[in-house]
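This report refers to the structure that appears directly beneath it.
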Amino acid sequence: MNNRRSFIKKAGSLAGALSVTPILNALAIPHIQEAEKIIQDLTPAEAARNEEYWHTIQQAYTVSPNIINLNNGGVSPQPSVVQDAVERYNRLSNEGPSYFMWRILDAGRESLRMKLADLAGCSLEEIAINRNATEALGTVILGLNLKKGDEVVLTKQDYPNMLQAWKQREMREGIKLNFINLELPIENEETIVQQFTQAFTPRTKVVMITHMINWTGQILPVKKIATAAKAKGIEVLVDGAHTFAHLDYKIPDLDCDYYGTSLHKWLSAPIGSGMLYVKKDKIKSLWPLFPNNNPQADDIRKFEVLGTRSFPIEQAIGQAVNFQHAIGNKRKEERLRYLKNYWAEKVESMPRVKLNTSLKPAYSCALANFSIEGMEPGEIESTLFSKYKIHTSPIVWENIKGVRVAPHVYTPLKDLDRLVDAITYLAKK
Ligand SMILES: Cc1ncc(COP(=O)(O)O)c(C=O)c1O
């Protein structure tokens with residue numbers, strides 16, 4: 001580790017210049033900075049409605065003109081400034097992979113860690129960079145010290161990869177999983193908190209909270225649940241896959257011990273990038289998924305032993321963070337919520353149409369789910385695509401049935417008008 005650190009110091013300045021340029025490249029940022037003049041005196045909520053400004057943001061992406069992609073919940077496209085960086089670093093890597101990857105780009109990881117920590121609002125000693133939320137959260141789920149009979153509280157509406165990891169521990173080690181079943185949407189924070197606290201027992205050691213439920217976009221009051229858990233000595237793991245760079249918050253605001261997210265969703269970072277946060281005093285006792293030579297160290301870097309990974313993808317995260325800053329967290333959140341409300345308010349009172357997502361700001365943002373009486377989600381989704389070339393995600397999971405719609409900052413209002421036309425057609429069918 002020491003040798004590595006001294007090398008990093010030497011290589012740091014070169015890598016910093018090459019890989020995490022502080023100024024966004026010519027294609028995107030000067031335009032965005034110029035466009036900002038249009039909205040600089042507006043509140044984020046007012047700026048969210050300024051189509052002239054958002055038109056500039058739309059131009060920064062290279063999305064297909066032939067389909068309307070309203071499934072940004074799964075994975076998002078990258079603005080061209082990020083795509084260009086991936087290509088640039090890839091070409092550089094191919095000039096001499098082991099030299100340019102391990103001696104140049106690898107050293108850029110420390111400045112990237114600093115950037116991500118700044119965006120997340122925590123110490124850089126609490127951020128590990130990896131490939132996705134599955135890896136980040138799996139590290140925690142499989143790495144916590146738990147023994148037979150210890151209990152974990154989670155919900156049936158959490159993401160399958162996380163549930164599967166917990167179930168493996170149940171099978172292998174005899175821990176006990178206490179599932180909550182949420183009837184979504186819920187518009188009362190206390191009701192949600194109560195469901196969690198009622199599931200706590202004296203043997204509960206961990207609670208997992210999905211900040212935004214991916215199936216419907218429901219936001220859970222993480223901080224309140226965490227406070228109740230902490231009062232009973234229960235550790236808190238947050239799945240932030242859908243809220244990082246989507247909602248305007250800092251990780252410490254959630255009062256959690258562990259947090260994982262993908263960066264290829266709402267941050268628009270390269271596909272296959274993610275991040276793990278572990279509170280400083282919890283690092284030592286959490287076992288890494290792929291150990292280094294000191295798996296009980298309190299160095300967050302012990303979670304980054306991934307073997308050979310894509311350095312171009314990792315390093316281009318820096319450009320995505322710059323792009324995020326150019327828009328601004330709060331402005332982005334307001335725009336995403338505005339886009340959701342734009343279509344959802346137009347369809348909510350249509351006969352046969354049901355929104356499975358609350359439109360109150362505390363409970364949703366960009367993601368929403370709707371259903372049409374008498375139609376299966378798969379049928380709605382396939383008609384949306386075949387007739388309107390609108391790509392969405394059909395959801396059938398536990399007690400949830402509907403179609404998920406997820407616009408992103410590059411989505412123009414006319415695409416949402418098309419969605420409204422399509423839902424109008426389907427509801428009349
Ligand atoms: C709530 C939630 N958690 C975790 C994940 C896993 O993300 P990834 O596939 O990027 O690892 C997803 C993916 O959609 C998700 O929705």
Report task. Name the residue, out of L306, L276, L355, whose mean-square fluctuation peaks in a Gaussian network model built on the chain with Cα pairs under 10 Å. Result -> L306
Query raised in the report: When the chain is modelled as a GNM with alpha-carbon springs shorter than 10 Å, which of M171, M101, M350 fluctuates the most?
Result: M171
Query raised in the report: Based on the alpha-carbon gyration tensor of region 53-166 and its eigenvalue square roots a ≥ b ≥ c, which shape applies: rounded if a/c is under 1.5, prolate if not and a/b is larger than b/c, or oblate?
Result: oblate
**Report entry** Portion, in percent, of the accessible area of region 289-429 that falls on carbon or sulfur, probe 1.4 Å
**Finding:** 52
Report task. Give the percent of DSSP beta bridges with both residues in the chain that are antiparallel, rounded to the nearest 5. Result -> 55
Query raised in the report: GNM, the chain, Cα, under 10 Å: largest mean-square fluctuation among A128, A362, A117?
Result: A362
Query raised in the report: Counting Lys +1, Arg +1, Asp -1, Glu -1, what net charge surrounds L367 among other residues with beta carbon under 13 Å of its beta carbon?
Result: +3
Query raised in the report: Under a Cβ-Cβ cut-off of 14 Å, what is the net charge of the residues other than K205 that fall near it, where Lys and Arg count +1 and Asp and Glu count -1?
Result: +2
Requested in this report: Decide, for region 124-252, between rounded, prolate and oblate: order the square roots of the alpha carbon gyration tensor eigenvalues as a ≥ b ≥ c, take rounded if a/c falls under 1.5, and otherwise choose prolate if a/b is larger than b/c, else oblate.
Outcome: rounded
Query raised in the report: By a straight-distance test (C-alpha under 30 Å), which lysines pair with K387 as possible cross-link partners, with residues fewer than eight away in the same chain excluded?
Result: K265, K340, K346, K354, K401, K414, K428, K429
Requested in this report: Between the alpha-carbon centers of region 311-361 and region 132-164, tell me the distance in whole angstrom.
Outcome: 27
Query - Accessible area (Å², per residue) of the chain, counting only protein heavy atoms and a probe of 1.4 Å - result: 41
Query - Cα-only Debye scattering, the chain: base-10 log of I(q)/I(0) at q = 0.06, 0.10, 0.13 Å⁻¹ - result: -0.25, -0.72, -1.18
**Report entry** Cα centroid of region 260-289 to Cα centroid of region 59-101, whole Å
**Finding:** 20
Query raised in the report: What's the longest piece of the chain with no exposed GluC sites (Glu not before Pro), counting a site as exposed if DSSP puts it in a loop and it has at most 10 other beta carbons within 10 Å?
Result: 184-372
Query raised in the report: Which whole-number percent is the relative contact order of region 91-219 (Cα, under 8 Å, 6+ apart)?
Result: 23
Query raised in the report: How high is the relative contact order of the chain, given as a whole-number percent (alpha carbon pairs under 8 Å, six or more residues apart)?
Result: 22
Requested in this report: Grab the other residues whose beta carbon is less than 13 angstrom from that of D298, score K and R as +1, D and E as -1, and report the net.
Outcome: +2
Query raised in the report: Give me the Kirkwood hydrodynamic radius of region 330-428 in Å, from all C-alpha pairs, to one decimal place?
Result: 13.5
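The values are calculated or read from the model by the stated rules, or taken from the named source; none is laboratory data. Computed from a predicted model, the values in this text were never measured in an experiment. In this analysis, Cβ positions are derived from the backbone assuming ideal geometry, glycine residues included, and neighbour counts consider all displayed protein chains. Just the protein is used for accessible areas: all its heavy atoms, side chains included, with ligands, DNA and RNA removed. Shrake-Rupley method; radii C 1.70, N 1.55, O 1.52, S 1.80 Å.
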